Structure formats: C-alpha cells, structure tokens
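This report concerns only the one structure given below.
The values are calculated or read from the model by the stated rules, or taken from the named source; none is laboratory data. Predicted, not measured: the structure shown is a model, and the values here were computed from it. Because the Cβ atoms are built from the backbone with ideal geometry, glycine has one as well, and the counts that use them run over all protein chains shown.
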Amino acid sequence: MSLNEEINKRKTFAIISHPDAGKTTLTEKFLLFGGAIQTAGAVKNNKITKTAASDFMDIERQRGISVATSVMGFEYKGLLINLLDTPGHKDFAEDTYRTLTAVDSVILVVDSVKGVEEQTKRLMEVCRMRDTPVIIFVNKVDLEGRDPFDLLDELESMLNINVRPLSWPISKGYSFKGVYDLYNSSLKLFEANKTKVVHEQVEIKDLDDPQLDELVGEHADQLREDVDLIQGVYEEFEDEEYLQGKLAPVFFGSAVNNFGVQEMLDTFVRIAPVPQPRPTDVRDIAPDENKFTGFVFKIHANIDPKHRDRIAFLRVCSGKFERNKFFNHVRLEKKLKFANPATFMARSKNVVDEAFPGDVVGLYDTGNFKIGDTLTEGEALQFQGIPSFSPEIFKELVNLDPMKSKQLDKGIKQLTDEGVAQLFIREAGSRKIVGTVGELQFEVIQYRLEHEYGAKCEFRPKNYFKACWLTTENEEKLEEFKRIKALEIVQDKDGNDVYLAPSQFLLDMERQNFPEIEFHFTSEFKTAGVN
Ligand code: G4P
C-alpha cells in the first residue's frame, strides 16, 4: 500500500467531556461497533473514581493499565480509527490538553440535563486554539433534559462556535420517542434497552408523511415545527466549515442505550479529517512527506516501581516509522532505535514493525524523552503547539530527608518530564515550586517519590494566582521587571522566565506598570531549551 493510501485509511481522534457526561460509555459503544470489544463494561473499570493517591495508584496497577487503553485502535468500514483516551478526572486535565495535540478531530460529549459545564468550556478552548474539527454529541436524551433549542444556543454562545444539528430529538425524558435524522430524512424510533441495539429505522418521504403521525402521535406536529425552525435558523451543513473548525455538527442520543451512536459514528467516518499537517519551528510537515517525523505527547510510567522505564507515546506525523531503524532525537542530538515499539488495538498491545501518520506508537524509554520531543530521520526541527498551561495550585516542595536530596531531585525531574505536574525553580536558593491542576497530583507525586525514588517530601501551599510566561520587544524593561519581582520570578523546565502572580489584582497592576511586557497564561513547550 502506498503512503498516501495508508494515510487516507486513518482517522485519529479523542472523545472529550466534562466528567460524567458519558465519555466512557460512548467510547465503549464505539469499540463495540468496531468489533474491538465484545461486551459492555470492558472500558468502564478504567475509570478513576476514588480520589486518594494510594487508591489511584492501586487502580493504576490493578488495571494494568491506561498504557493499554491510552490508544484504542479499531477498524470500521474499512478505515483504521485511532481513539486516544483522555483521563476523565479533572485533576488530569493537562494530560487531556496535551493529548489533543495528537489528534486530528474530537467528539465532544455534553450532558443534555447539565448543558455546557466548566470542563466542556476549557476543553473546547483548547480545540479552538488549533481549529480542531469538533462533532458534538448531546447525550442522555432519555432523561428530562433541557430544551434542545436552548442547548444549541448555549453551545454556540458558551463554546464560541457555530453549530448545526444533524439529528433532532422527538420529545425527551419519559416521552422520548426517537431522533429524526435531518441529513438522511429518516426516523429512528427508540426503545430503551441497555444490552442490545433495539431501534427501528423508518424512512419517511418527508415530514408531511402521515406515517409520522402514526409513529410518534402527538409529537409529530412539534417535530414539523422544530424542523421548520431549524431550517430557517441554521445554515446548511458544510463539510468544509467543519474541517476548518468553524462549525460543529450536533447529534442527539443516548450512549448508554446505544441510541444515536452509530449514526454519529457513520457521519464521523464520512466527514472527519484524515491525518493533517503539523507545524514545526521550521515549516509545516505534511503527512505524505517521505521522511519520518513524530513527536511525544504523553509519557507513562511503568507500573512496576522496581523498573523505572516508561512508555513514551509518539504520534507519527509523516513518512513511515520503522522498528530498529535509527532516528534522530532532535533535542538530544542523539540517534536512537527502538526494538519493541508497540501499537494498541483496543486493549491489547502489539509490537509493530512499521507505523504511519496518524498512528500512535509506544516507545520504551529509560529517560531520553520529555513531552514535546521530536524524532526525525535527520532534519533538525521541532514540533510546536504543545502548550503548557498555567497551573491552578502551587506548592513548594520541601525535602524531608537531606540524605536523599539527589533522589528527590531526580524523581521530581522525571515526574515532571512525564507531565504529572509542572516544576518551577527559583534561581535564588533553587527553591522548587510545583504547580498542578488539581490536589490529586500532589498526593500522586508524594506517593511516587517515596515508593519509586525512596525520597520523602512535603508540600507547603503557596498563594499564587497564575503562572505567567513573559514576552516583550523591550528587553531592558523585562530585565527591570525581573529585578523588581525577583522573589516571584521562576524558571520553567525549559529555562523560560515565568512570573508567579500572587493575585489578579497584582497582575493587573503589573500590566499597567509594564505595558511593554505581555503576560501569557500558556506557553509553548520549548524543548530546545535547558534540560
Ligand atoms: P464519563 O466517562 O464522561 O465520566 O461518564 P460515563 O460514561 O461514566 O457516564 C456517567 C454516568 O452517566 C454513568 O452512570 C452512565 O451509565 C450514565 N450515562 C451514560 N450515558 C447515558 C445516557 O444516555 N442516559 C442516561 N440516563 N445515563 C447515561 P453511573 O451511575 O455513574 O454509572 P453506572 O453505574 O450506570 O455504570
């Protein structure tokens, strides 16, 4: 098969949602359709439901784990679909943001009762940064949810994207009758059943068909009115606008009842983009370039604490990845080859000889990789667009055993290379400030430092509001700012200067005092910097 044929066979995407909206359930239904799993419940136990670190680590170990489910490949209608898993727990949001750099499109699940939630908004902002094409699935229409028109308005205004329904619910909750497929003008009737797919599809000529009244009774007129309104208010659906990330098609359904899922999957395989070009510091890399390139977007620690090797997840961006071939690790300027690269089909892990753009390969690593690292066939280029976001919680890392400071240094460096948290160093006194999205990471870090590195530590809360990466055209002013704010200036893992703003008020004040300086809440990972 030619490289182009391999590329055109692949679609790489992620399902994202606020916790509990139905991401796991939907993932499972997709895998059922793709024949990758046979029974419901197989993905479910992959969820982190408890919040204590030891529980988390135990769960990680028991399930033997997200390594196998980080990427779930399955075939559907002759295509190879790579579904990248994202952690549901909000404390691991940053991991999700990074995974989004490795996909070409996403499916966003929204709960029809709760509408747009906090995490929905943040995830969507990350998609908007890169104009990632989005399909929206409004889940749980079997419940007494919100009015669908209100939901569409909310999606548009809160997510800052145009929407276009491609299916429409007929009533909701107890009286939910099914969905009308606006694209194919067909009717899917609903019967609640969690174990098998029970729904009847009826082709109707048009909405004036009297069969409609027979089938949905009193709801037929409401449906006619709704569809009239939809056609008046929303523009025709254009694939091109979706591909540019400007328009999100919306489907209504119930994941747990397997209702409306296959329609969406069929649309997904028809319209979702194949592997796309990706920006580097030199030029955009097209997937059909002959030479291999790829980048690491996720690193997973080995579950066995005695072996400190890890698995680095690499997205292939162009050319062909080959087993046992030497590639160039750009940041380290080092040639590396991989004897046991793995790909993932549903829950099994297989050694592969080759992989193509859109694929994700797991590479065994003994400490060579950091998130954002690029591999090439020789060219010195660096993939971009893997941002670091300002953490929400900051704490100072305090060593409790001076005899173990080397172990602590090494441990915290490796854990932050994996992306568990961000490490900021204050030059004066080399104090270590750890920043995370949630409390859970501190417990995980403390637990892992002790169990994997034999280093005891504690964390002292720091009252910072945001980490701000600084840019300016006026170096003198920046130096002045850094001098005045020396106590709040730290370096990130790549040696970039970061200002830890104590509060919104003080940040606003600095913005006024130093209009020459720009304060950013996100940064690109610059892996070419200091180690
Ligand atoms: P998440 O991964 O986004 O966190 O959500 P998950 O799929 O775990 O779903 C969260 C809860 O919502 C689950 O219930 C799930 O069964 C339920 N759910 C998913 N889709 C639908 C739907 O279409 N309709 C209704 N009514 N519920 C749905 P749970 O009680 O947390 O778990 P379980 O005991 O049911 O497995």
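Go through the residues of the range 239-250 one by one and say whether even a single one is within 16 Å of the ligand (Cβ to nearest atom) and either assigned to a strand (DSSP E or B) or free of Cβ contacts under 8 Å to residues at least 60 places away in the same chain (or both). Walk me through how you get there before you give the answer.
In the first step, residues of the range 239-250 are kept if they are within 16 Å of the ligand (Cβ to nearest atom); the result is 250.
Narrowing the set further to residues that are either assigned to a strand (DSSP E or B) or free of Cβ contacts under 8 Å to residues at least 60 places away in the same chain (or both) leaves 250.
Yes: the range 239-250 contains one or more residues that are within 16 Å of the ligand (Cβ to nearest atom) and either assigned to a strand (DSSP E or B) or free of Cβ contacts under 8 Å to residues at least 60 places away in the same chain (or both).
Quick grid of which residues meet (1) buried (at least 22 other Cβ atoms within 10 Å of the Cβ); (2) closer than 28 Å to Ala421 by Cα:
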residue: Val106; (1), (2): yes, yes
residue: Gln119; (1), (2): no, yes
residue: Arg122; (1), (2): no, yes
residue: Phe137; (1), (2): yes, no
residue: Met158; (1), (2): no, no
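Any residue at all in the range 383-393 that is more than 22 Å from Leu123 (Cα to Cα) and part of a loop (DSSP other than H, G, I, E, B)? Reasoning before the result, please.
Here is the first cut: in the range 383-393, the ones more than 22 Å from Leu123 (Cα to Cα) are none.
Scanning the range 383-393 turns up no residue that is more than 22 Å from Leu123 (Cα to Cα) and part of a loop (DSSP other than H, G, I, E, B).
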* Only one of these conditions is not met by Val256: (1) away from the ligand (no atom under 16 Å from the Cβ); (2) assigned by TED's automatic domain parsing to the domain that holds Gly115; (3) in contact (Cβ under 8 Å) with a residue 40 or more places away in the chain; (4) not aromatic (Phe, Trp, Tyr). Which number is it? -> (1)
* To do: Considering only the range 128-145, state which residues are modelled with pLDDT of 90 or more, outside any loop (DSSP other than H, G, I, E, B) and away from the ligand (no atom under 15 Å from the Cβ).
  => Val134, Ile135
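Has the range 454-472 got any residue that is assigned to a loop (DSSP other than H, G, I, E, B), basic (Lys, Arg), surrounded by fewer than 18 Cβ atoms within 10 Å (Cβ to Cβ) and at pLDDT 90 or above?
Quick first cut of the range 454-472, residues assigned to a loop (DSSP other than H, G, I, E, B) only: 454-456, 463-465.
From what's left, basic (Lys, Arg): 456.
Narrowing further to those that are surrounded by fewer than 18 Cβ atoms within 10 Å (Cβ to Cβ): 456.
With the extra rule that they be at pLDDT 90 or above, the set shrinks to 456.
Yes, that holds for at least one residue.
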* Structure fact -> Scanning the range 419-441 for residues that are buried (at least 19 other Cβ atoms within 10 Å of the Cβ) and touching a residue at least 60 places away in the same chain (Cβ under 8 Å) gives Gly419, Gln422, Leu423, Phe424, Ile433, Thr436, Val437, Gly438, Leu440, Gln441
* Here is a list of conditions, (1) surrounded by fewer than 20 Cβ atoms within 10 Å (Cβ to Cβ); (2) within 16 Å of the ligand (Cβ to nearest atom), and Ser167 meets all of them except one; can you say which number that is? -> (1)
* **Of all residues in the range 1-34 being within 12 Å of Glu75 (Cα to Cα) and within 16 Å of the ligand (Cβ to nearest atom), the one that is surrounded by the most Cβ atoms within 10 Å (Cβ to Cβ)** => Phe30
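Evaluate the range 498-514: report whether one residue or more is small (Gly, Ala, Ser) and touching a Cys at 6+ places or on another chain (Cβ under 9 Å). Before the answer, list the steps.
Taking the range 498-514 and keeping what is small (Gly, Ala, Ser), we get 501, 503.
Adding the requirement that they be touching a Cys at 6+ places or on another chain (Cβ under 9 Å) leaves 501.
Checked against the condition, which is being small (Gly, Ala, Ser) and touching a Cys at 6+ places or on another chain (Cβ under 9 Å), the range 498-514 yields at least one hit.
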